[in-house]
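What follows is one structure encoded as structure tokens, with my remarks underneath.
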Amino acid sequence: MRIENAIRSFAIDRKHWLFSDTVDETAKANRHELYNYLRYALQEIPKAASFKDFEKLLPYNLKPVNIVQDVVD
């Protein structure tokens, strides 16, 4: 029982850490509308040929305005 209590906080925190860096939070932090960002990223992923191309699709490398215009077109 003492051991379980001692490690409980690590086990609970581990679950939280798994989801602390989700696309939803990153997109929100970068002022993206989540649906538009995911739609744009999923449309552009097949066009990516290198690591740099994938890196360009990360939320912090995109401006929200560009995503909305590209999705609407």
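Nothing in this text is a laboratory measurement; each read-out follows from the coordinates by a stated rule. Quantities reported herein were computed from a predicted structural model and do not represent experimental measurements. Every residue, glycine as well, gets a Cβ built from its backbone with ideal geometry; the counts of neighbours run over all protein chains shown.
Below are the figures for this structure:
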read-out: ³J(HN,Hα), Karplus 6.51/-1.76/1.60, whole Hz, each residue of region 33-43, x for Gly, Pro; value: 6, 4, 4, 5, 4, 5, 4, 4, 4, 5, 6
read-out: Relative packing of peptides 30-39, 51-60 - highest average C-beta neighbours within 10 Å first; value: 30-39, 51-60
